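Everything below concerns the one structure shown next.
The values are calculated or read from the model by the stated rules, or taken from the named source; none is laboratory data. Everything quoted here is computed from the prediction, not taken from an experiment. Virtual Cβ from ideal backbone geometry, glycine too; neighbours counted across all protein chains shown. The protein model used for the area step is the full one, side chains on, heavy atoms only, and it has no ligands, DNA or RNA in it. Shrake-Rupley method; radii C 1.70, N 1.55, O 1.52, S 1.80 Å.
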Amino acid sequence: MQAFIENMPKAELHLHIEGTFEPELMFEIAQRNNIDLPYADVEALRKAYDFSQLQDFLDIYYQGMNVLQKEQDYYDLTWAYLQRIYAQNVIHTEIFFDPQGHTSRGVAFETALNGIYRALEAGQKELGISFGLIMCFLRHLDADDAMATLEQALPHKDKIIGVGLDSSELGHPPEKFTEVFKKAKEEGFLIVAHAGEEGPPDYVYQALDLLKVDRIDHGNRALEDKALTKRIADEGIALTVCPLSNLKLCVVDDLKNHPMREMLQAGLKATMNSDDPAYFGGYMNENYIQLAEALRLTQEEIVTLARNGFEAAFVSDERKQVMLSNLDAFVSAA
Ligand code: HPA
Ligand code: ZN
């Protein structure tokens with residue numbers, strides 16, 4: 001099963017590029033930017049990756065991204081990620097970035113955007129990995145800040161396909177951003193939002209009804225509400241699920257108790273994703289392999305997760321068909 005997973009073509013739809021910052025690269029970039037990290041070495045930094053809830057992780061995640069200053073830093077970060085997923089047979093990726101995590105430190109929106117985008121273009125050309133770029137609003141900041149960030153993105157609609165909502169969920173419900181997402185939709189952006197990771201089912205309802213999401217990021221807690229689960233299934237709205245993230249942030253206490261199979265059985269279009277792989281202990285293949293082992297997923301369930309990833313991707317029908325055909329050919333030959 002491990003070789004099957006490793007060789008299977010995959011799409012990743014929930015990935016924070018700032019969450020791919022491996023300690024080795026973080027130290028390297030910190031050094032060239034003359035920034036002191038509050039850790040003696042790579043080992044000490046990795047030891048700090050012990051979280052009991054989302055906020056514990058976010059504190060370290062924002063601290064880590066502080067070393068990103070120049071366009072080349074963003075390029076190097078993104079290129080390192082693309083090389084890793086290329087080795088894992090990920091053929092399409094939709095990545096998030098958090099502009100406010102950079103502009104709040106005086107880094108220009110375009111510095112982050114151009115570095116990330118240039119690497120994505122190189123990945124498409126040199127590695128054949130298709131991509132989409134989604135910018136997320138930090139929900140712990142106010143709605144005016146998010147609106148100002150949306151304005152900054154308007155000249156770059158050719159590079160940014162969608163907007164999302166991330167950071168501290170509890171206490172920051174989707175309704176706080178209704179106006180921002182209304183404007184984003186009018187401007188033609190696709191819409192996603194983190195909902196139901198730590199927040200209650202009501203936040204998932206708000207994401208659907210007020211933000212009008214095209215996909216839900218995480219969505220685990222939607223399962224607590226049968227009517228909500230049925231609605232998401234009926235509307236065919238995909239969930240971008242992240243098992244190792246759920247484990248590391250204590251959304252689940254054990255991978256054996258992960259709700260992925262329950263989601264599939266409820267008819268939800270659940271997909272497999274890595275979220276912040278440098279912090280959570282694994283990229284796509286590790287997520288698939290560890291969950292498959294814990295839940296004893298069948299090959300059919302594994303292929304369904306991969307197929308859901310391609311079906312839920314924000315790509316042209318043409319690209320979607322190519323990717324689905326790749327998967328079908330792989331399964332037939334396996
Ligand atoms: N949840 C919320 N915000 C985030 C996450 C997450 O899993 N990763 C990076 N920012
Ligand atoms: Zn996330």
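For this structure, a couple of remarks:
- Simple label model, 7 Å out from Cα along Cβ direction - residue 298 to residue 105, nm: 4.8
- Cut-off under 5 Å, modelled amide H: who pairs with residue 238 long-range: 216
- In order along region 242-256, the Karplus-derived 3J(HN,Hα) couplings, from 6.51 cos²θ - 1.76 cosθ + 1.60 at θ = phi - 60°, round to 9, x, 5, 4, 4, 5, 5, 9, 6, 6, 10, 8, 7, 4, 4 Hz, and Gly and Pro are given as x.
- Ligands, DNA and RNA excluded, the heavy atoms of residue 315 present near 40 Å² of accessible surface to a 1.4 Å solvent probe.
- Where only DSSP H runs of four or more residues are counted, the chain gives -14500 deg cm²/dmol as its mean residue ellipticity at 222 nm, each run worth -39500 (n - 2.57).
- With the simple model of a label 7 Å out from the Cα in the direction of the Cβ, residue 122 to residue 265 spans 4.7 nm.
- DSSP H segments from the chain that extend 30 Å or more along their own axis, Cα-based, with Kyte-Doolittle mean of 1.0 or above: none
- Applying 1/(1 + (r/R0)^6) with R0 = 25 Å to the Cβ-Cβ distance of residue 156 and residue 35 gives a FRET efficiency near 0.40.
- Listed pairs 10/230; 185/269; 185/256 exceeding 28 Å between Cα atoms: 185/256
- A Stokes-Einstein calculation at 10 °C with viscosity 1.306 mPa s, built on the Kirkwood radius of the chain over Cα pairs, returns a diffusion coefficient of 80 µm²/s.
- Cα centroid separation, region 151-177 to region 240-304 (Å): 25
- Charge dipole of the chain about the Cα centre (unit charges at C-beta), most positive-ward option of 306, 23, 323: 323
- Gaussian network model of the chain, springs between alpha carbon atoms under 10 Å - residue of 312, 44, 207 with greatest fluctuation: 44
- The share of accessible area on the chain that comes from carbon and sulfur is 47 percent, using a 1.4 angstrom probe.
- In the chain the longest region clear of trypsin sites (Lys or Arg not before Pro) that are loop-assigned by DSSP and have at most 13 other C-beta atoms within 10 Å covers 158-295.
- Efficiency of FRET between residue 144 and residue 214 - r from beta-carbon atoms, R0 41 angstrom, step 0.05: 0.95
- Region 80-137 and region 1-41: distance between their alpha carbon centers, rounded to Å: 12
- Sorting 250, 242 on solvent-accessible area from highest to lowest, probe radius 1.4 Å, gives 250, 242.
- Computed about the Cα centre, the dipole magnitude for region 160-247 is approximately 160 debye when only Lys and Arg (+1) and Asp and Glu (-1) carry charge, each at its Cβ.
- A 1.4 Å probe, protein heavy atoms only, puts the accessible area of residue 149 near 0 Å².
- The label point for residue 3 and the one for residue 63, both projected 7 Å from the Cα toward the Cβ, are 4.3 nm apart.
- Surface accessible to a 1.4 Å probe, per residue, for the residues of the chain, Å²: 39
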